[in-house]
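The values are calculated or read from the model by the stated rules, or taken from the named source; none is laboratory data. This structure is a prediction, so every number in the text was calculated from the model and none was measured. Don't worry about glycine lacking a Cβ; one is built from the backbone with ideal geometry, like all the others, and counts go over all protein chains shown. The protein model used for the area step is the full one, side chains on, heavy atoms only, and it has no ligands, DNA or RNA in it. Shrake-Rupley method; radii C 1.70, N 1.55, O 1.52, S 1.80 Å.
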Amino acid sequence: MSEIPKAYEPQSVEEKWYQFWCAEGCFTADPARVSDQRPGYSIVIPPPNVTGMLHLGHVLNNTIQDILARKARMDGREVLWLPGTDHAGIATQVQVEKALKREEKKTKHDLGREAFLERVWAWKEKHGGIIIQQLKKLGCSCDWTRERFTMDEDYSRCVQKVFVDLYQKGLIYRGKRMVNWCPVSQTALSDEEVEMKPQKGFLWYFKVEVADAPAAPAAPVGSGEGTESDERDGKVTYGPMVEDGKTCLLIATTRPETIPGDTAVAVNPKDPRYAHLIGKHVIRPLPVENQARIPIVADEHIDIEFGTGVLKVTPAHDKADFDIGQRHQLPAVDVLNPDGTMNELAGADLKGLDRFEARKVAAAKLAEIGALVKEERYENNVGFSQRADVPIEPRLSEQWFLKYPGVTSARACVEQGGGDSGSVGGGDVGGKVVPLAGRMRFHPDRWAKVYDHWLSNIQDWCISRQLWWGHRIPVWTKTHADEDAARASVEALTQHGPAVVARVEGKTACAATAVGSVQESLVGGGWIQDPDVLDTWFSSWLWPFATMGWTGDPAVDAENPMLRAFYPTSDLVTGPDIIFFWVARMIMAGYEWMGDLPFRNVYFTGIIRDKQGRKMSKTLGNSPDPLDLIAKYGADALRFGVMRSAPLGQDVLFDEKDVELGRNFCNKLWNACRFRQLQGGEVEGEIDPALLGSDDQWILLRLDQAIREIDEAFADYKFNEVTATLYRFFWNEFCDWYLEAAKAAFQGDDPARKANVLAVIDFVLGHMLRVFHPFLPFITEELWHDLGYAEDLPEDQGGKTIMVAHWPKPFDEDFKVHYGLESTAEQLATAKYDLVTKGRNFRREFNIPANRKVAFALRPAGRLESHEADVIRLLLNAETLEVNPDYVPPKGTPSAHSPLGELYLPLEGLIDVEAEKARLTKELAKVAVEIQKVEQKLGNENFTSRAPAPILAEHHQRLTDWQARREQIKAALECLI
RNA sequence: GCGCGCUUAGCUCAGUGGUAGAGCACAUCCUUCACACGGAUGGGGUCGCAGGUUCAAGUCCUGCAGCGCGCACCA
């Protein structure tokens, strides 16, 4: 046993033990050790972006995973926490492009695809490990021998296999459709990557001439012949206008720059104002040099109430317009370049301008030609590219799409919340493995509804990205002179058997294959690989099994020891912001390729915000660097602080004070152990039941209670409740009362009693360090060894490391009987502490400094053992405590009542009769209020006749107690007169 | 528009129909030999509003308001 320094210094301790754990292979999972007696427990890490730096969201997320993993080890399970990183297509590519621009003033096109990718790999090798190193600082017990990267060779092979499989199943197809185009990243995005944001802009009203209007227009609804609008009930209605014998329509738009792309205007067929014009044509005003005639079509999509009831239809630049275009066979005229500038078809005035600049110019042009009628300020929702934070451009382009597989299973497996599903059957936390019949639970369960809603409305997934960094689509094409030639070249591929899936699309032969040798022969044969890469999430959704060596070959996979031992995984811990991106897709993939769900439980964390409730962001600068916090307070402190302020599923308002509290907690723990050590004596001696005082019994029963509460909270994933219990038990119960009470024995002259108290302290601390360990891995390991608790244990039960010490069990009946733990002792202790609190209160009431020793007197209600009285004296910080059944206090002596008797503080020379009178009178008033409350209830016939007996009895007891209290105060007041 | 969450002490939040809780902050006292990153004591709450169910509601139900989030979306 080495001596413990005065203040806890986390840095050296953390460094030392993390190295120890790694060197000893404590984090390494061995599937061969998994058995019925030693069930497997597994988590796959949500792979952070390889470009990432640790932020507080990671701290919360990974601390939870580490707590689960460490708890499972102590529960005797074989634990795999599988770490890794994600190649993060756009983010990483952008980062490297920026560096290239900054350092060499070059673009990726200057280098070319291959050379650029070499740069990205080089960058990844240099910077990609940062976040992994940071996770180690946090104490994460990941199996680093199994670290994976989504671009690892094996992993890429999985991605390709899955693609080919889906292609073969006909779920993947290529099509020219409207997609979300990011003009900055210059790639298509999935619907999930588009974020709707309200934007302030304008609604421009412009008129177009109907070229072939009927001679006698029907009277427009609303009266106004020839008027552009009519106000009725304060509402503006619109209709066709007649000016100089010409009929015009008024159209409202937020995007006048797309007018050159209009190929129709549309009205609702039920709209009487325009019915007579359907089938006619209008003159499109822009571009001025190409004012084409475009038809007026009728479409149900048009909202009669909105705007003027006339919609300009731009099939190439709006999803809804595209659909209208399809219904009416309208041509699509694309007036934009991929980078968001206007192209030639937009006309001479707009060509080359950025879309936002073009918007202003187009509006000005309309005004110039007299077509602009008015402009209104207008706020509407615009889709933004989540990554580049610019408005996305709906764009017609050729992309790869996926019809989601496994949707039915994915929907069915997640238990829908709202029922009476309590913690019973709550998966496999807390050591109990409850079969869930293939079902999965979300925590908190309200996310199940969100998940289900999304799954019931999903659209096909656009999986191709116009990037270079990522998994390149494993499809090769060869274009031939005619269809027959194409067919022949596809035929030739049958020599490869099922390894290649080939099709003919017109004159083009298409072949998808994941087999390297076939790929090589295709390239050799002049086939061209699709230039696009796959959406990053198309690789992430395979994470739970692709990381475990899945091959896609059923015979091989059935023999894979990792998959057998650790799939399905036990828990997934992630943020609700990726429930669609990742969680839902992993569930589908799990069913599709493993035939089983990928995890039993999903824990959704909250979002970390600053203390004002704002999201953490780089621009606000409100995001503290976790490594700074670790350096300042220690990793344990950070973990404890964050966990303590993170209730299940609620956002966390982060305050550095929380971490400070964590540090204080560690320091307190440190010093409590130091106190134990300074007492010397035998380590973990035998507890003699005969020598247990009421304080000893009390703390043992409190420990039992704490363990029960902690187990319950763990079963419900309520980690902040665990921390609350740890805090209360250790600080308020163990330190504030038990250790202070124990000092009476240490200062006394009974060595047997002293030794017994030491044994109790060791017992409690030994349990406490273990339940603390998942939250505070470093300090508990250090103290476990310093206090010598590891010494007599077998190596695999805590002898080597607290990591695998057995998780404490609540006491069973035999234990309680053996140690004579009973509620009367507990009540005695509670009564003592109650009495002490009242006695201490005298100091404040009568302005007696805390350091002044005073003499108390106690007139006991019954027998009080001398060692119990010693404890009271010590806790009161009393010079003496006179225990005297016949004690008669001097007049004016403050008194306090408790079940143990009357406590007096005779204040020699300081008697203040008035002050004590005032104090007692105040208290009497309080008591009177309580008595009134209870009497009122008990006087209520309804209550007394219907309330259950125990409740009634409790109320009667309450009344008796308060009444007794009232009599005592009255008696005390009598004495003052 | 649909859905979800939140509203309890100055702040951040627990709270399981039966005597309103914690941490921080605040006030007073104390460097007493584990800890000032500490100890002791205390003040502070019409539990968002309005109804309802119940002997009993912070807790269950209905409605409303405010805040936040998600989904959808009209140019």
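Can you pull out the helices (runs of 4 or more DSSP H) entirely within segment A:45-124 that have at least 3 residues that are in contact with a helix residue (DSSP H, G or I) (Cβ under 6 Å, 6 or more places away or on another chain)? Please lay out each step first, then the result.
Numbers: elements: A:56-74, A:89-104, A:108-111.
Output list reads A:56-74.
Looking at (1) under 25 Å from residue A:633 (Cα atoms); (2) touching a residue at least 60 places away in the same chain (Cβ under 8 Å); (3) of a type in the set (A, V, I, L, M, F, W, C), which is the one condition that is false for residue A:755?
Evaluating residue A:755 over (1) under 25 Å from residue A:633 (Cα atoms); (2) touching a residue at least 60 places away in the same chain (Cβ under 8 Å); (3) of a type in the set (A, V, I, L, M, F, W, C) leaves (1) as the failure.
Got at least one residue in segment A:29-48 being among the polar types (S, T, N, Q), open to solvent by 30 Å² or more (accessible area, probe 1.4 Å) and under 28 Å from the mean Cα position of the chain (by Cα)?
Taking segment A:29-48 as the starting set, the residues that turn out to be among the polar types (S, T, N, Q) are A:35, A:37, A:42.
So of that shortlist, the ones also open to solvent by 30 Å² or more (accessible area, probe 1.4 Å) come out as A:35, A:37.
Filter once more, keeping what is under 28 Å from the mean Cα position of the chain (by Cα): none.
No, there is no match, as no residue in segment A:29-48 is among the polar types (S, T, N, Q), open to solvent by 30 Å² or more (accessible area, probe 1.4 Å) and under 28 Å from the mean Cα position of the chain (by Cα).
So for segment A:74-87 (the condition being open to solvent by 40 Å² or more (accessible area, probe 1.4 Å) and in contact (Cβ under 8 Å) with a residue 40 or more places away in the chain), does at least one residue qualify? Working first, answer last.
Within segment A:74-87, the first condition is being open to solvent by 40 Å² or more (accessible area, probe 1.4 Å), and the residues that meet it are A:75.
Keeping just the survivors that are in contact (Cβ under 8 Å) with a residue 40 or more places away in the chain gives A:75.
Scanning segment A:74-87, I find at least one residue that is open to solvent by 40 Å² or more (accessible area, probe 1.4 Å) and in contact (Cβ under 8 Å) with a residue 40 or more places away in the chain, so the answer is yes.
Under 7 Å between Cβ atoms, at least 6 apart or on separate chains: pull out the pairs that start in segment A:556-568 with a residue that is more than 23 Å from residue A:439 (Cα to Cα) and end on any residue that is part of a helix (DSSP H, G or I) and of a type in the set (A, V, I, L, M).
If the second residue must be part of a helix (DSSP H, G or I) and of a type in the set (A, V, I, L, M), the pairs left are A:561/A:32.
Across segment A:318-343, what is the number of residues that are open to solvent by less than 20 Å² (accessible area, probe 1.4 Å) and either assigned to a loop (DSSP other than H, G, I, E, B) or more than 11 Å from RNA strand B (Cβ to nearest atom) (or both)? Before you say what the answer is, go through the steps one by one.
Pass one, segment A:318-343, residues open to solvent by less than 20 Å² (accessible area, probe 1.4 Å): A:321, A:324-325, A:335-336, A:340, A:342.
Cutting the leftovers down to either assigned to a loop (DSSP other than H, G, I, E, B) or more than 11 Å from RNA strand B (Cβ to nearest atom) (or both) gives us A:325, A:335-336, A:340, A:342.
Of the residues in that region, 5 qualify.
Have a look at A:527, A:543 and point out the one that is aromatic (Phe, Trp, Tyr) and touching a Phe, Trp or Tyr at 6+ places or on another chain (Cβ under 7 Å). Reasoning before the result, please.
Details: A:543 fails: touching a Phe, Trp or Tyr at 6+ places or on another chain (Cβ under 7 Å).
One residue alone meets the criteria, A:527.
Name every residue in segment A:278-304 that is within 13 Å of RNA strand B (Cβ to nearest atom), part of a strand (DSSP E or B) and either at pLDDT below 90 or farther than 28 Å from residue A:397 by Cβ (or both), in order of residue number. Working first, answer last.
Looking only at segment A:278-304, we keep the residues that are within 13 Å of RNA strand B (Cβ to nearest atom), and these are A:297-304.
Adding the requirement that they be part of a strand (DSSP E or B) leaves A:297-298.
Of everything in segment A:278-304, just one residue is within 13 Å of RNA strand B (Cβ to nearest atom), part of a strand (DSSP E or B) and either at pLDDT below 90 or farther than 28 Å from residue A:397 by Cβ (or both), namely A:298.
Need at least 1 residues that are loosely packed, with under 15 Cβ neighbours inside 10 Å per element, so show me which helices (runs of 4 or more DSSP H) inside segment A:738-824 make the cut, counting only ones lying wholly within it.
On the way: elements: A:740-747, A:751-772, A:777-786, A:813-818.
By residue number, A:740-747, A:751-772, A:813-818.
Give the residues of segment A:450-479 that are within 17 Å of residue A:175 (Cα to Cα) and among the aliphatic types (A, V, I, L, M), sorted by residue number. Explain how you work it out, then say what you get.
Step one: filter segment A:450-479 for residues within 17 Å of residue A:175 (Cα to Cα), giving A:459-466, A:473-477.
Listed by number, the residues that qualify are A:463, A:473, A:475.
Looking only at segment A:710-737, which residues are near RNA strand B (Cβ under 10 Å from one of its atoms), modelled with pLDDT of 90 or more and among the acidic types (Asp, Glu)?
A:736
Please go through segment A:388-411 and pick out each residue that is under 30 Å from residue A:601 (Cβ atoms) and within 23 Å of the chain's Cα centre (by Cα).
Taking segment A:388-411 first, the residues under 30 Å from residue A:601 (Cβ atoms) are A:402-411.
If the condition is that a residue be under 30 Å from residue A:601 (Cβ atoms) and within 23 Å of the chain's Cα centre (by Cα), then A:410, A:411 are the ones that fit.
Just one of A:501, A:450 is within 30 Å of residue A:49 (Cβ to Cβ) and either within 13 Å of RNA strand B (Cβ to nearest atom) or outside any loop (DSSP other than H, G, I, E, B) (or both); which is it? Spell out the reasoning first.
Working: A:501 fails: within 30 Å of residue A:49 (Cβ to Cβ).
None of the others qualify; the one that does is A:450.
Could you please give the count of residues in segment A:834-867 that are buried (at least 19 other Cβ atoms within 10 Å of the Cβ) and near RNA strand B (Cβ under 8 Å from one of its atoms)?
Total satisfying the criteria: 1.
In segment A:601-612, which residue that is of a type in the set (Val, Ile, Thr) and in a loop (DSSP other than H, G, I, E, B) is most open to solvent (accessible area, probe 1.4 Å)? Walk me through how you get there before you give the answer.
First pass over segment A:601-612, keeping only residues of a type in the set (Val, Ile, Thr): A:602, A:605, A:607-608.
Next, only the ones that are in a loop (DSSP other than H, G, I, E, B) stay: A:605, A:607.
On the way: A:605: 12, A:607: 59 Å².
Of everything passing the filter in segment A:601-612, A:607 is most open to solvent (accessible area, probe 1.4 Å).
Give the residues of segment A:256-290 that are touching a helix residue (DSSP H, G or I) at 6+ places or on another chain (Cβ under 8 Å), open to solvent by 50 Å² or more (accessible area, probe 1.4 Å) and under 30 Å from residue A:355 (Cβ atoms), sorted by residue number.
A:288, A:290
Name the residue, out of A:870, A:886, that is assigned to a loop (DSSP other than H, G, I, E, B) and either over 18 Å from residue A:849 (Cα atoms) or open to solvent by 40 Å² or more (accessible area, probe 1.4 Å) (or both). Spell out the reasoning first.
Working: A:870 fails: assigned to a loop (DSSP other than H, G, I, E, B).
Within the list A:870, A:886, the selection yields A:886.
Can you confirm whether segment A:148-166 contains a residue that is touching a strand residue (DSSP E or B) at 6+ places or on another chain (Cβ under 8 Å), open to solvent by 30 Å² or more (accessible area, probe 1.4 Å) and within 16 Å of RNA strand B (Cβ to nearest atom)?
No, every residue in segment A:148-166 fails to be touching a strand residue (DSSP E or B) at 6+ places or on another chain (Cβ under 8 Å), open to solvent by 30 Å² or more (accessible area, probe 1.4 Å) and within 16 Å of RNA strand B (Cβ to nearest atom).
Quick one: in segment A:165-185, of everything that is in contact with a Gly (Cβ under 9 Å, 6 or more places away or on another chain) and not in a strand (DSSP E or B), which residue is farthest from residue A:394 (Cα to Cα)?
A:165
Looking at A:954, A:923, A:935, A:930, can you tell me which residue is near RNA strand B (Cβ under 8 Å from one of its atoms), touching a helix residue (DSSP H, G or I) at 6+ places or on another chain (Cβ under 7 Å) and among the acidic types (Asp, Glu)? Write out each step before concluding.
Details: A:954 fails: touching a helix residue (DSSP H, G or I) at 6+ places or on another chain (Cβ under 7 Å); A:923 fails: near RNA strand B (Cβ under 8 Å from one of its atoms); A:935 fails: near RNA strand B (Cβ under 8 Å from one of its atoms).
It is A:930.
Residue check, residue A:569 against (1) surrounded by fewer than 16 Cβ atoms within 10 Å (Cβ to Cβ); (2) touching a Lys or Arg at 6+ places or on another chain (Cβ under 8 Å); (3) of a type in the set (Ser, Thr, Tyr), all met but one. Which one?
Against the list (1) surrounded by fewer than 16 Cβ atoms within 10 Å (Cβ to Cβ); (2) touching a Lys or Arg at 6+ places or on another chain (Cβ under 8 Å); (3) of a type in the set (Ser, Thr, Tyr), residue A:569 comes up short only on (1).
How do the pairs read when you match residues in segment A:305-317 that are assigned to a strand (DSSP E or B) with residues anywhere that are near RNA strand B (Cβ under 6 Å from one of its atoms) and of a type in the set (A, V, I, L, M, F, W, C), using Cβ under 7 Å and keeping only pairs 6 or more apart or on different chains?
A:311/A:302
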